[in-house]
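Data block below; observations after.
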Amino acid sequence: MRLVWLLWTCACLDAAEPVDWILSARYVVTMDPQRRIVANGAVAIRRDRILALGPRAEIDKHYKARRRLDRPQALIAPGLIDTHTHAPMSLFRGLADDLRLQEWLEKYIFPAEAKNVNAEFVRWGTLLACIEMMLSGTTTYTDMYYFEEVIAEATRQAGLRAVLGQTIIGFPAPDASTPQQALARAEKFLEQYRNDPLIVPAPAPHAIYTTPDDVIRSARALANRYGVPMLIHLSETRREYDEALRKRKMTPVQALDSIGALNGRTLGAHGVWLDDADLRILKERGTGLAHCPSSNSKLASGLARVPRILDAGIAMGLGTDGFAGSNNDANLFEEMDLAAKLQKVGTLDPQVLPAVRVLEMATITGARALGLDKQIGSLEPGKRADLITVRLDAPHAIPMYNVVSQMVYALKGSDVNDVMVNGRLIVRDRHVLTLNVRQVLEKAEQYRRKVAASVGIGLSPNP
């Protein structure tokens, strides 16, 4: 009898451990501390976590999957992280282009928002943005807008992960007529989603030039009380920077620091106009930044000092910004490519901001900027199963000499084939599994007609 038990025990030890998924590909780009790339690799997933990864032969030897996804002509990478956007503004895409930020905001966007933005507008705009993001490899995004509880519902419906900032601004907004009402909405939102597996709620005072100091201080206190980040636009334009110097005798960073706004987890969007003293403050406070190269280029806001910021030890991720004139899409593959090339031409140095550093910004460094690097941003055992597969069989993907350079400079968002978030497959073979895409697109066209009528414009095929 004892011999039988010993044999059974040995058989159990040799048996493959059951897992929910095994995904395999030609390469697994881990973005772990060693930045390992595993050829002919595989990832084993149990529930919402990565259990193991390594050579496919070893994973297959030790684990038995309920479901498999084999992609021999693709790579597996961490899902991309967008550290700054305004998802519902997808319904304003192209409404007003080729303008400077203040003119774009004050003459076009704020009036269009006042006439159109309500909870249902936000819902359908978010769903449209989520489809675009997931099909181009974004698995986590960072939002600043109104009716964030509705954005959270739509995001969960899509199956994406998000850090969602309830906007607090110093004048009547679509969801709050006063800053105090906006703060109350923000607290209710934080309470509602404080323990959600996909949503990190956050207060988001718009900027120092639109939000009173006492309101920003209240938002800071709210974020600290709930243990979440505070999101804010920061030193985006030369005008913002110069006005702060003229009116406050301080830079925007110094002004925020002087009122205690940076005393806690903070994500500042843009960070284009920062001097060395600003960088020291941001480093000391542990503030993260979101670099938005397309937006900063399109609005002529300037060229952020990205290498200097990263060298200072400040976590700076990549962001797409809004769809309504500051960028017009949500494609982080484009942002990676542009981020690298702008720095090279700006410094006349081709070695500045190499491909691996840009990919870090879109993954693990972006996660660190949000304070989520223990959960996402790389493929490592114990982390959330947020990953993408990217096809390598298109003409622009061949030949392959350097995997990371290929991702940054050659591959496209349209090469993304499969998307998994929290262990759940939400895109397979470029088919969205969680949303009715046709319904969302039809609804977006209905909103286009409504928005155009509200601001008195028609379809303009010619310049």
- Query: Pairs under 7 Å by beta carbon, first residue of a type in the set (Ser, Thr, Tyr) in region 245-265, partner surrounded by fewer than 19 Cβ atoms within 10 Å (Cβ to Cβ), six or more apart or different chains?
  - Reply: THR251/LEU245; THR251/ASP275; SER258/MET250
- Condition met for ILE208 (assigned to a loop (DSSP other than H, G, I, E, B) and either within 23 Å of ASP175 (Cα to Cα) or touching a Pro at 6+ places or on another chain (Cβ under 8 Å) (or both)): yes
- Task: Looking for whichever is touching a Gly at 6+ places or on another chain (Cβ under 9 Å) and in the same structural domain as ALA410 (by TED's automatic domain parsing) here; the options are ARG56, ARG71. Which one fits?
- Result: ARG56
- Message: So ARG220 passes all but one of these: (1) surrounded by 15 or more Cβ atoms within 10 Å (Cβ to Cβ); (2) modelled with pLDDT under 95. Which condition number does it fail?
- Response: (2)
- Query: For region 429-454, how many residues meet the condition of being in contact (Cβ under 8 Å) with a residue 60 or more places away in the chain, outside any loop (DSSP other than H, G, I, E, B) and exposed (fewer than 15 other Cβ atoms within 10 Å of the Cβ)?
  - Reply: 4
- Message: Looking for something within 30 Å of PRO179 (Cα to Cα), in a loop (DSSP other than H, G, I, E, B), assigned by TED's automatic domain parsing to the domain that holds GLN181 and out of contact with any Asp or Glu (no Cβ under 7 Å at 6 or more places or on another chain) - is there at least one such residue anywhere in region 136-159?
- Response: no
- Message: Tell me yes or no: at least one residue of region 398-411 is polar (S, T, N, Q), in contact with a Gly (Cβ under 8 Å, 6 or more places away or on another chain) and modelled with pLDDT of 95 or more.
- Response: no
- Task: Considering every residue within region 350-369, establish whether at least one is more than 30 Å from PHE92 (Cα to Cα), charged (D, E, K, R), at pLDDT 95 or above and surrounded by fewer than 17 Cβ atoms within 10 Å (Cβ to Cβ).
- Result: no
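So, in region 47-70, how many residues would count as being in contact with a Phe, Trp or Tyr (Cβ under 8 Å, 6 or more places away or on another chain) and buried (at least 17 other Cβ atoms within 10 Å of the Cβ)?
Here is the first cut: in region 47-70, the ones in contact with a Phe, Trp or Tyr (Cβ under 8 Å, 6 or more places away or on another chain) are 51-52, 65-69.
Still in the list and also buried (at least 17 other Cβ atoms within 10 Å of the Cβ): 51-52, 65, 69.
The qualifying residues number 4.
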- What are the pairs, 6+ residues apart or on separate chains, where a residue within region 32-61 that is closer than 10 Å to PRO381 by Cα has its Cβ under 6 Å from a residue that is charged (D, E, K, R) and assigned to a strand (DSSP E or B)? ILE45/ASP20
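Within region 72-104, how many residues turn out to be hydrophobic (A, V, I, L, M, F, W, C) and crowded, with 24+ Cβ neighbours inside 10 Å? Step through it out loud before you land on a result.
Keep residues of region 72-104 that are hydrophobic (A, V, I, L, M, F, W, C), which gives 74-77, 80-81, 87, 89, 91-92, 95-96, 99, 101, 104.
Imposing the further condition that a residue be crowded, with 24+ Cβ neighbours inside 10 Å reduces the set to 74-77, 80-81, 87, 89, 91-92.
So the answer is 10.
Any idea which of GLY170, GLY159, GLY165, GLY137 is touching a residue at least 40 places away in the same chain (Cβ under 8 Å) and either among the hydroxyl-bearing types (Ser, Thr, Tyr) or within 30 Å of GLY456 (Cβ to Cβ) (or both)? Can you show your working first?
Details: GLY159 fails: either among the hydroxyl-bearing types (Ser, Thr, Tyr) or within 30 Å of GLY456 (Cβ to Cβ) (or both); GLY165 fails: either among the hydroxyl-bearing types (Ser, Thr, Tyr) or within 30 Å of GLY456 (Cβ to Cβ) (or both); GLY137 fails: either among the hydroxyl-bearing types (Ser, Thr, Tyr) or within 30 Å of GLY456 (Cβ to Cβ) (or both).
The unique qualifying residue is GLY170.
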- Query: Does region 252-271 contain any residue that is more than 19 Å from ILE168 (Cβ to Cβ) and touching a strand residue (DSSP E or B) at 6+ places or on another chain (Cβ under 6 Å)?
  - Reply: yes
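Which of the residues belonging to region 67-108 are assigned to a strand (DSSP E or B), touching a Ser or Thr at 6+ places or on another chain (Cβ under 6 Å) and not aliphatic (A, V, I, L, M)?
Those that are assigned to a strand (DSSP E or B), touching a Ser or Thr at 6+ places or on another chain (Cβ under 6 Å) and not aliphatic (A, V, I, L, M): ASP70, ARG71, PRO78, ASP82, THR83, HIS84, THR85.
Among the candidates ASN296, ASN328, which residue alone is at pLDDT below 95 and buried (at least 20 other Cβ atoms within 10 Å of the Cβ)? First the steps, then the outcome.
Details: ASN296 fails: at pLDDT below 95.
On inspection, the qualifying residue turns out to be ASN328.
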- Please indicate, with yes or no, whether at least one residue in region 121-143 is more than 23 Å from ASP429 (Cβ to Cβ), at pLDDT below 95 and of a type in the set (Lys, Arg). no
- Note on the structure: Within region 190-201, residues in contact (Cβ under 8 Å) with a residue 40 or more places away in the chain and either under 13 Å from THR266 (Cβ atoms) or assigned to a loop (DSSP other than H, G, I, E, B) (or both) come out as TYR193, ASP196, PRO197, LEU198
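The values are calculated or read from the model by the stated rules, or taken from the named source; none is laboratory data. Small disclaimer: the values here were computed from a predicted structure and weren't measured. Positions of Cβ are generated from backbone atoms using ideal geometry, with glycine treated the same way; all protein chains shown enter the neighbour counts.
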